[in-house]
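Taking it in order: structure first as structure tokens, then the write-up.
The values are calculated or read from the model by the stated rules, or taken from the named source; none is laboratory data. Since the structure is predicted, the reported quantities are computational estimates derived from the model, not experimental observations. Cβ: placed from backbone, ideal geometry, glycine included. Neighbour counts: every protein chain shown. Side chains included, ligands, DNA and RNA excluded: accessible areas come from the protein's heavy atoms. Shrake-Rupley method; radii C 1.70, N 1.55, O 1.52, S 1.80 Å.
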Amino acid sequence: MYAQMVKSEATTDDPEKLAAFQARIDAGEKIEPKDWMPVGYRKTLIRQIGQHAHSEIVGQLPEGNWITRAPTLERKAILLAKVQDEAGHGLYLYCAAETLGVSRDELTEMLLDGRMKYSSIFNYPTLNWADMGAVGWLVDGAAILNQVPLQRTSFGPYSRAMIRVCKEESFHARQGFDAIRKMAEGTPAQKKMAQDAVNRLWFPALMMFGPSDADSVHSTQSMAWKIKMNTNDELRQKFVDQTVPQIEFLGLDLPDPGIKWNEERGSYDYSDPDWAEFFDVIKGNGPCNVDRLAARNKAWKDGQWVRDGLLAHARKKAARKVAAE
Amino acid sequence: MKNEWPLWEIFIRGQHGMSHRHVGSLHAPDAEMAIKNARDVYTRRNEGVSIWAVEANHIAASSPSDKGPLYEPSESKVYRHPTFFDIPDEVGAM
Ligand SMILES: [Fe+2]
Ligand SMILES: [Fe+2]
């Protein structure tokens with residue numbers, strides 16, 4: 001997902017405190033920043049929320065790429081609003097992570113020097129306008145499936161951030177569907193572009209949910225702590241089941257010959273994505289990893305004088321005010 | 001000196017007549033920028049008619065371990081609630 005393969009940290013806390021903590025979570029109580037929490041809970045959450053935040057921020061790049069080339073002024077305004085929302089999502093999440101005792105700059109630096117990851121999906125390129133439709137519809141659509149249950153996560157600030165994010169996400173998915181629908185119902189050339197976008201982004205979208213984690217120790221701990229709400233496979237299946245009829249509605253071909261309705265399971269069967277490719281992208285070898293990190297590093301460096309200047313100005317004003325009093 | 005912008009807590013009045021509610025936080029160099037940023041981050045869809053920004057380190061907060069001493073005393077004071085009193089039906093609305 002936006003936070004993939006988050007390793008949960010072992011905890012070596014007092015067993016009595018751990019049991020009381022687990023009881024609070026089982027009772028559905030929210031954990032707030034000043035409450036006692038296991039070291040592993042805190043560390044895992046910093047990693048997970050941080051990765052989620054980074055994904056929102058890096059996720060602006062593939063779409064930002066097309067703002068100036070949107071086909072109409074209306075589409076441009078819509079895409080701009082969508083990308084601006086993603087900046088907000090990153091910010092809500094960074095603030096949630098900060099309540100756990102890590103600073104914004106620390107988080108940013110860990111992204112920039114590669115110590116923290118962001119979602120594999122944003123290492124794929126957006127080649128043309130049809131991709132703007134496919135990204136909103138498929139990528140944000142997949143993200144929604146993960147984020148909706150996270151509204152009930154045990155950590156209060158994360159849960160509240162997710163509630164805000166979810167309010168804005170359905171706009172993202174709908175604008176994407178609307179954009180690709182226009183093309184699917186357009187000229188043969190436009191329809192072909194829509195098909196090509198779906199074909200290219202289908203498997204990367206399935207990879208967003210992460211590899212099968214049915215028997216992973218990490219996800220068992222995270223699920224007990226309610227910082228992971230569903231298994232990767234559950235969410236992936238849900239995504240396939242909801243998206244296949246939409247592809248059919250658009251009159252496009254299914255991007256995977258393995259997709260077949262399974263009467264017995266009441267779900268669609270589908271082919272696994274190429275997990276070797278997934279691990280390669282995570283390792284830094286996707287088509288855009290280098291570009292994405294270079295763009296973030298450049299933005300951080302280019303903005304340094306603005307951050308410093310505004311802070312110097314604020315300090316000067318504050319000093320003058322004190323002097324005048 | 002640390003060069004990170006301070007953290008601000010943002011409160012928004014959603015509609016006229018309602019109180020301000022905490023909506024989240026953000027970083028800004030000063031109050032003016034905090035309000036400008038809050039407008040961009042927290043009111044993109046008509047969520048507010050007024051913004052308060054308070055620097056986070058100026059907020060005093062009770063600690064979770066004080067929960068008992070602070071809130072338990074009121075648990076035994078049931079007479080503070082109107083439902084404590086039996087008013088006969090004949091008396092009418094009260
Ligand atoms: Fe988002
Ligand atoms: Fe989104």
(request) Of the options A:20, A:153, A:59, report the single residue whose Cα projects farthest towards the positive end of the charge dipole of chain A (beta-carbon charges: Lys, Arg +1; Asp, Glu -1). (result) A:59
(request) Per DSSP H run of n ≥ 4, the term is -39500 (n - 2.57); total these for chain A, divide by its residue number, and report the mean residue ellipticity at 222 nm rounded to 500 deg cm²/dmol. (result) -20500 deg cm²/dmol
(request) Determine the share of the stretch A:249-295's accessible area contributed by carbon and sulfur atoms, expressed in whole percent, with a 1.4 angstrom probe. (result) 52
(request) Name the lysines eligible as straight-distance cross-link partners of residue B:2: C-alpha to C-alpha under 25 Å, and not fewer than 8 places from it in the same chain. (result) A:34, A:43, A:298, A:301, A:316, A:317, A:321, B:36
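Using Cα-Cα distances under 8 Å and only pairs 6 or more residues apart, what relative contact order does chain A have, in percent?
Rounded, it is 20 percent for chain A.
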(message) Need the list of aspartates and glutamates near residue A:283 for cross-linking: C-alpha distance under 15 angstrom, and skip anything on the same chain fewer than eight residues off.
(response) A:113, A:274, A:291
(message) Threshold 30 Å², probe 1.4 Å: give the residues of the stretch B:39-85, in number order, that are less accessible with all protein chains present than with their chain alone.
(response) B:41, B:42, B:44, B:45, B:64
(request) Any chance you could list P(r) for the stretch A:110-159, counting all Cα-Cα pairs in 10 angstrom bins from zero, rounded to whole %? (result) 20, 34, 37, 8
(request) Could you check how much of the accessible area of chain B is carbon and sulfur, as a whole percent, using a 1.4 Å probe? (result) 55
(message) Using protein chains only and a probe of 1.4 angstrom, how many square angstrom of residue A:209 are accessible, to the nearest 10?
(response) 10
(message) Probe of 1.4 angstrom, ligands and nucleic acids ignored: what's the accessible area per residue over the stretch A:212-325, in square angstrom?
(response) 61
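With a 1.4 Å probe and every protein chain left in place, work out the accessible area per residue of the stretch A:2-63 in Å², rounded to a whole number.
42
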(message) Positive end of the dipole of the stretch A:191-234, charges at C-beta (+1 Lys, Arg; -1 Asp, Glu), about the Cα centre: which of A:229, A:203, A:219 has its Cα farthest in that direction?
(response) A:203
(message) Quick check of the Kirkwood formula: for chain B, what is the inverse mean of 1/r over all pairs of different Cα atoms, in Å?
(response) 17.1
(request) Write down the Å³ per residue value for the convex hull defined by the alpha carbon atoms of the protein assembly as shown. (result) 243
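Please compute the average number of Cβ atoms from other chains found within 10 Å of each residue's Cβ in peptide A:87-94.
Other-chain Cβ atoms within 10 Å of each residue's Cβ, averaged: 3.
Which whole-number percent gives the relative contact order of the stretch A:193-256, counting Cα pairs below 8 Å spaced six or more residues apart?
Values: 34 pairs, mean separation 24.5, N = 64.
Here the relative contact order equals 38 percent.
Using Cα pairs under 8 angstrom and six or more residues apart, how large is the relative contact order of the stretch A:139-244, in percent?
It rounds to 32 percent for the stretch A:139-244.
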(message) Give me the summed buried accessible area for the B-A pair, 1.4 Å probe, to the nearest 100 Å².
(response) 1900
